[in-house]
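Notes follow the structure.
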Amino acid sequence: MTMIESNLNEKSGVTTVIEPNYIVLSDSLPLEFVNELENIKRLEAPERVIVMLYFDTPAGNFISAEIQKKLIQFARKHELKFVQSQGIGYHILLDQYVKPGDIVVSSGKHNSIFGVKQALGIHVNPSELLHVCTNGKMNIVVPETVYIELTGQLKPEASIKDFAISFLASEELKYAGKAIEFYGKALNSLSPKETTDLCQLASRSGAVTAFLHMDFQGPGQESYDLGDVQPMVALPGSIHQSQPAAELAGTPLSACFIGGCTGGSIEDLRTAAAILKGKRIPINMRLSIGPQTNEVYKQAISEGLIQTFIDSGAQILSTGCASCVTTSKGVIAEGETMLSASCWNYKGCNGSKDSLVYLASAESVANSALKGCITLNSKG
């Protein structure tokens, strides 16, 4: 039995009814959907609905403020769990709520992150989410599972983000509608932060979800050697198109961002601070730092990382998605170019639709911020 079959207690291909442990409403939802919440008179399972504000906090524009106002009103009306401005929702759920075997449903695109805890995260569109929110359950067809083996170890200059960028470049939506189980000896060499990033980014392949299967013996459908990974950069517009950082070295940058789902962990901040310590970014460079959660922010303060960032000339953003989305915080203007450690770079993601956003690891972003252009990692 595969992991998702175990979670759903049914075989692949069978339609089953699930009652999620957490049904998540966040301020990433469009206003037209949030307006529909006002018409809901009763929830079937209010104890399983949780409202979270983290996408654009504090609100960076009037639409965000309206969305947050109405979500607050909805949470009060139905006496729901409410989490405000504690950081990125995925990580708050992972750290404080989700347990192995739980099922989480939201409109978030990275719900596969919960597979790191052997929990199942399911992405649905806003209309489906409204139905689940009202009825407390939903139908799902149990997906087929793909087993992917990881061997070897990452080189000092490479990261799991570099592997993910390479993995996702093979074919957009290659695993659409399927579940992924990563297995192999290489998993033992990865840190909790690295396995979390691996599960989270796996959904960008089109996969329904992803799990770690530490004890699976194989054989699998595919195998990747982490020892072959080199620093990578995803090209503007899509994480599915990338090049080695060496081929893009010298590309001028206007701004850099270290934060978001895959770039704002305490490990990412430690890595970046070690590179920036005692140095200053160029006068024409803007470097923004966005810790994932309040706990990460407090830890970064206690370790002196925030002081290092400030001394280097960086600007510190509030916890949450920060510059990963088009808000008023850290965005770039027409014709400008950003290198980001986060996970989104669609057109207009971080500002003007005429701007360019590349994606890389936190280490690559920190090194590049010091040079004002895409730069090879210092260990490379």
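Three principal axis extents of region 225-380 based on alpha-carbon atoms, in descending order, are 38, 37, 32 Å.
State the percentage of accessible surface on the chain attributable to carbon and sulfur atoms; use a 1.4 Å probe and exclude ligands, DNA and RNA. Summing carbon and sulfur atoms, their accessible area is 49 percent of the total for the chain. Charge dipole (Cα centre; +1 on Lys/Arg Cβ, -1 on Asp/Glu Cβ; no other charges) of the chain amounts to roughly 800 debye. Loop-located GluC sites (Glu not before Pro) across region 280-380 with a Cβ neighbour count of 16 or fewer within 10 Å are GLU303, GLU334, with loop assigned by DSSP. What is the diffusion coefficient of region 132-226 in µm²/s, taking the Kirkwood radius over Cα pairs and the Stokes-Einstein relation at 37 °C with a viscosity of 0.692 mPa s? In µm²/s, the coefficient is 233. For HIS123, what is the net charge nearby, where nearby means another residue's Cβ is under 14 Å from its Cβ and Lys, Arg count +1, Asp, Glu -1? Within the 14 Å Cβ shell, the charges total +2. A DSSP coil position with no more than 12 other Cβ atoms inside 10 Å describes the following GluC sites (Glu not before Pro) in region 110-207: GLU171. Assuming charge only on the beta carbon of Lys and Arg (+1) and of Asp and Glu (-1), the dipole of region 102-191 about its Cα centre is about 160 debye to the nearest 20.
Given Cβ point charges of +1 (Lys, Arg) and -1 (Asp, Glu) and nothing else, what value in debye, to the nearest 20, does the dipole of region 204-340 about its Cα centre take? The calculated dipole for region 204-340 is roughly 560 debye. Helix-only arithmetic for the chain: the sum of -39500 (n - 2.57) across DSSP H runs with n ≥ 4, divided by the residue total, places the mean residue ellipticity at 222 nm at -8000 deg cm²/dmol.
Think of the chain as having a plus end and a minus end, set by charges on the Cβ of Lys, Arg, Asp and Glu; of LEU129, ALA179, CYS373, CYS373 sits farthest toward the positive end of this dipole.
Size descriptors for region 245-325, from the alpha-carbon set: Rg then Dmax equal 12.5, 38 Å. Once you sort the root eigenvalues of the Cα gyration tensor of region 50-165 as a ≥ b ≥ c, which label holds: rounded (a/c under 1.5), prolate (a/b larger than b/c) or oblate (the other case)? Verdict is oblate for region 50-165.
Structure note, pairs LYS11/LYS70; LYS41/LYS347; LYS161/LYS353; LYS69/LYS347; LYS70/LYS137; LYS298/LYS329: Cα-Cα distances above 31 angstrom occur for LYS11/LYS70; LYS41/LYS347. Only alpha carbons enter this Debye calculation for the chain, each as an equal point scatterer, and the log10 of I(q)/I(0) it gives at q = 0.06, 0.12, 0.13 Å⁻¹ is -0.22, -0.90, -1.06.
Computed over region 197-315, the P(r) curve from all C-alpha pair distances, binned at 10 Å from the origin, holds 11, 32, 33, 19, 5, 0 percent per bin. How large is Rg/Rh for region 1-96, to two decimals, with Cα atoms and a Kirkwood Rh? Ratio of gyration radius to Kirkwood radius for region 1-96: 1.05.
Entry comment: accessible area of region 175-319 is 40 Å² per residue, from protein heavy atoms only and a probe of 1.4 Å.
The values are calculated or read from the model by the stated rules, or taken from the named source; none is laboratory data. What you see is a predicted model; the values in this text were computed from it and never measured. A quick note on method: Cβ atoms are made from the backbone with ideal geometry, for glycine too, and the neighbour counts reach across all protein chains shown. Surface areas here come from the heavy atoms of the whole protein model, side chains and all, with no ligands, DNA or RNA. Shrake-Rupley method; radii C 1.70, N 1.55, O 1.52, S 1.80 Å.
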